[in-house]
Amino acid sequence: MFTVDSNARSTAHAPTELVPSRYALQVGEIGVLVVSDGVLPLPTATMATNADPADLQEWLKQNFLPSEAFDWPLNVMVVRSGEQTILVDAGLGGQFPGFPRAGQFPQRLEAAGIALESVTDVVITHMHMDHVGGLLVDGMKERLRKDVRIHVSEAEVKFWAEPDFEHTDMPKPVPNVLRSTATSFYNEYRDKLCIFKEKVEVAPGVVARLTGGHTPGHCVVDLASGGERLLFAGDAMFPVAFDHVDWHNGFEHDPVESVNVRIRLFRELAANGGMLVASHLPFPSVGRVAIDGDAFRYVPVIWDF
């Protein structure tokens with residue numbers, strides 16, 4: 001379970017925040033804290049590269065979103081299971097100057113009263129810069145435990161040795177930064193990597209499993225305890241995907257397979273009633289999925305204070 005101590009409440013970070021940047025909930029006996037790393041200002045065209053531009057503009061209008069660019073949320077998650085504290089993804093860090101309002105997770109974790117030194121495990125859903133960059137912040141490695149375990153899929157490590165951007169459609173500066181960040185992450189932490197093939201139980205009730213799609217080694221994290229479930233979906237889905245599951249995101253290295261992955265996960269969530277958290281759904285992104293004709297519907301969970 002996550003609680004905020006009195007010292008954390010009085011930190012310098014709290015008064016500067018206009019909205020909450022963390023949200024705690026329980027999944028059975030497993031404690032969960034969703035933390036906002038900030039937002040990424042990106043072109044709206046990037047979210048639907050295979051859509052008719054008029055259809056995309058209509059969707060944006062119906063959802064009260066700007067037509068040219070909007071802020072993509074970026075969420076990470078902390079999980080406590082038994083004696084283990086698991087960080088799921090690590091945000092952007094300082095990897096890309098074009099995203100100045102992201103990279104907030106280290107200080108927000110501190111404001112929540114969670115010491116980096118307490119983290120026993122890290123799960124990396126994939127090695128894009130906005131998921132590993134926080135581990136490259138100055139002083140981060142020194143604060144992590146010497147025996148910290150960083151779990152990443154074998155397919156992901158192999159992919160970034162020679163990454164392929166043929167099917168992506170990203171803003172021009174991004175691929176080079178993705179490539180350099182993944183290389184830096186691997187070189188910095190290779191001796192701490194726990195590489196798995198299909199799935200791994202990181203802690204009791206906490207399982208990382210390979211999905212592929214967004215990147216060849218993309219994984220999701222399943223939490224299960226006391227009959228309750230939560231799926232951290234990483235980049236398997238974006239806000240537009242519920243209405244248009246077949247629209248391709250420009251950051252997907254295999255857009256066709258990404259659609260297949262999304263459909264499988266949506267159907268799975270609709271069937272089991274489990275909660276959903278994803279990297280780029282509006283914070284805190286805790287919700288459920290319902291089937292709505294040929295599409296899907298995101299049902300936000302009412303905040304529990």
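Hey, any hits in segment 137-151 for a residue that's within 25 Å of Pro41 (Cα to Cα), out of contact with any His (no Cβ under 8 Å at 6 or more places or on another chain) and assigned to a loop (DSSP other than H, G, I, E, B)? There is at least one residue in segment 137-151 that is within 25 Å of Pro41 (Cα to Cα), out of contact with any His (no Cβ under 8 Å at 6 or more places or on another chain) and assigned to a loop (DSSP other than H, G, I, E, B).
Checking each residue of segment 44-60 against the condition of being out of contact with any Gly (no Cβ under 7 Å at 6 or more places or on another chain) and under 23 Å from Leu116 (Cβ atoms) gives no match. The single condition among (1) closer than 26 Å to Ala48 by Cβ; (2) surrounded by fewer than 17 Cβ atoms within 10 Å (Cβ to Cβ); (3) polar (S, T, N, Q) that Asn272 does not satisfy is (1). The residues of segment 125-146 that are touching a Ser or Thr at 6+ places or on another chain (Cβ under 8 Å) and either open to solvent by 10 Å² or more (accessible area, probe 1.4 Å) or among the small types (Gly, Ala, Ser) (or both), listed by number, are Asp130, Gly133, Leu136, Arg145.
When residues in segment 241-258 are screened for being within 25 Å of Val132 (Cβ to Cβ) and open to solvent by less than 50 Å² (accessible area, probe 1.4 Å), 9 of them pass.
Scanning segment 178-192 for residues being within 18 Å of Leu144 (Cβ to Cβ) and more than 19 Å from the chain's Cα centre (by Cα) gives a total of 7. Going through (1) open to solvent by less than 30 Å² (accessible area, probe 1.4 Å); (2) in contact with an Asp or Glu (Cβ under 7 Å, 6 or more places away or on another chain); (3) without any contact (Cβ under 8 Å) to a residue 40 or more places away in the chain one by one, Asp222 falls short only on (2). You will find that of Lys158, Lys146, Lys172, the residue that is basic (Lys, Arg) and touching a residue at least 12 places away in the same chain (Cβ under 8 Å) is Lys158 and no other. Quick one: in segment 285-300, of everything that is at pLDDT 95 or above and in a loop (DSSP other than H, G, I, E, B), which residue is farthest from Val27 (Cα to Cα)? Top of the filtered list is Ser285. Within segment 67-92, the only residue that satisfies the criterion of being of a type in the set (Gly, Ala, Ser) and at pLDDT below 95 is Ala69. Among the residues examined, Thr168 qualifies as polar (S, T, N, Q), assigned to a loop (DSSP other than H, G, I, E, B) and buried (at least 17 other Cβ atoms within 10 Å of the Cβ). In segment 222-250, which residues are among the β-branched types (Val, Ile, Thr) and not in a helix (DSSP H, G or I)? Val245, the sole residue that qualifies.
Does at least one position in segment 54-74 carry a residue that is surrounded by fewer than 19 Cβ atoms within 10 Å (Cβ to Cβ), in contact with a Lys or Arg (Cβ under 8 Å, 6 or more places away or on another chain) and part of a strand (DSSP E or B)? Among the residues of segment 54-74, at least one is surrounded by fewer than 19 Cβ atoms within 10 Å (Cβ to Cβ), in contact with a Lys or Arg (Cβ under 8 Å, 6 or more places away or on another chain) and part of a strand (DSSP E or B), which makes the answer yes.
Within segment 284-294, take every residue that is hydrophobic (A, V, I, L, M, F, W, C) and surrounded by fewer than 21 Cβ atoms within 10 Å (Cβ to Cβ) and give me the one that is farthest from the chain's Cα centre (by Cα). Among them, the one singled out is Ile291. Residues of segment 80-119 that are of a type in the set (Phe, Trp, Tyr) and either open to solvent by 40 Å² or more (accessible area, probe 1.4 Å) or farther than 19 Å from Phe283 by Cβ (or both): Phe96 alone.
The values are calculated or read from the model by the stated rules, or taken from the named source; none is laboratory data. What you are looking at is a predicted structure, and each value in this text was computed from that prediction instead of being measured. Every residue, glycine among them, receives a Cβ derived from its backbone with ideal geometry; neighbour counts consider all protein chains shown. When the accessible area is computed, the model is the full protein with side chains, heavy atoms only, and any ligands, DNA or RNA have been set aside. Shrake-Rupley method; radii C 1.70, N 1.55, O 1.52, S 1.80 Å.
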